[in-house]
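Right, one structure below, let's go through it.
The values are calculated or read from the model by the stated rules, or taken from the named source; none is laboratory data. Nothing here was measured: the structure is a model prediction, and the numbers come from that model. Glycine also receives a Cβ, built like all others from the backbone with ideal geometry; neighbour counts cover every protein chain displayed. Surface accessibility is based on the protein's heavy atoms, side chains included, excluding ligands, DNA and RNA. Shrake-Rupley method; radii C 1.70, N 1.55, O 1.52, S 1.80 Å.
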Amino acid sequence: MRWWDIDPVLELERDLFPEDTWSRGMFWSELAHARGPEATRRYLVAEQGERIVGYAGLASSGDQADIQTIAVARDHQGTGLGGRLLTELLRAATAFDCAEVMLECRIDNVRAQKLYERFGFEAIGFRRGYYQPGNVDALVMRLTDPSTSVQGTEIHG
């Protein structure tokens, strides 16, 4: 993801997450930490032609990474794109030498939870009222050793 992707990503963000949409400034802040030798973030977009149909982001700190966001356009859900984005984030976590990956997932987003479980994430707790302003709880999930989840996985454009 680059700065010129922010506006189309925001359109997708507003469509998919109307109650807890990230701001332009949040994306700018994340991208500011995604370049150079001291980078601690990895953000990517999936495109079909000129259209962004998905995006994802990961933050690393020490030996832990946090999946910040994964989003797939409604007309591309169920195509495997979410899994491909997640695979790339786990590869980034491995490149950052992270021993574990954490994430929060809306408690009502069962489809995403199933995806994370397929990759080896386990539920470890809840964050009450995490998603605001809707006051929706988050399921906290953890994956230990992300490198084992992506071994032998091939991504093709």
Query raised in the report: Helix by helix, which DSSP H runs in the chain go 20 Å or more along their axis at the Cα atoms and have an average Kyte-Doolittle hydropathy of 1.0 or more?
Result: none
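Can you give me the % of accessible surface on the chain that is carbon or sulfur? Probe 1.4 Å, all protein chains present, nothing else counted.
Accessible surface attributable to carbon and sulfur in the chain totals 47 percent.
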Query raised in the report: Working out 0.36 nm times the residue gap between Asp15 and Thr79, then minus their Cα-Cα distance, what length gain in nm do you get to one decimal?
Result: 21.2 nm
Requested in this report: Please work out whether the stretch 50-143 counts as rounded, prolate or oblate from its C-alpha gyration tensor, where a ≥ b ≥ c are the square roots of the eigenvalues and a/c under 1.5 means rounded, while otherwise a/b larger than b/c means prolate and anything else oblate?
Outcome: oblate
Query raised in the report: Which number comes out as Rg/Rh for the stretch 1-94 once both Rg and the Kirkwood Rh are worked out on C-alpha atoms?
Result: 0.95
Query raised in the report: If each of Thr40 and Ile107 carries a label point 7 Å out from its Cα toward its Cβ, how far apart are those two points in nm?
Result: 3.0
**Report entry** Thr148-Glu50 pseudo-label distance in nm [points 7 Å out on the Cα-to-Cβ vector]
**Finding:** 4.6
Query raised in the report: What is the gain in length, in nm to one decimal, between Met26 and Gln64 on full extension, counting 0.36 nm per residue of separation less the C-alpha to C-alpha distance?
Result: 11.6 nm
